[in-house]
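The structure appears right after this line, and notes come after that.
The values are calculated or read from the model by the stated rules, or taken from the named source; none is laboratory data. Computed from a prediction, not measured in an experiment: that's the story for all the values here. All Cβ positions, glycine included, derive from the backbone under ideal geometry; neighbour counts span all protein chains shown.
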Amino acid sequence: MIISGNMGPNAAKIFSPHGIEIATGATGPIGEAIAAFLHGEIKGRRPHGHHH
């Protein structure tokens with residue numbers, strides 16, 4: 001899992017073959033970003049572009 005402020009589609013394609021999910025829209029310190037992700041405030045997407 002990568003939690004990031006933003007990531008373009010070309011960068012995201014690098015992680016797809018490895019099954020790494022991406023969550024974008026994070027801001028602030030990493031602890032706050034992780035908490036926001038765990039509370040569903042930042043949405044992740046599977047490497048093939050499927051949101052969950």
task = State which residue is modelled with the lowest pLDDT when the search covers only the stretch 3-49 and only residues that are touching a Pro at 6+ places or on another chain (Cβ under 7 Å) and not hydrophobic (A, V, I, L, M, F, W, C).
result = SER16
inquiry  = Would you confirm whether or not the stretch 23-31 contains a residue that is among the hydroxyl-bearing types (Ser, Thr, Tyr) and loosely packed, with under 10 Cβ neighbours inside 10 Å?
reply    = yes
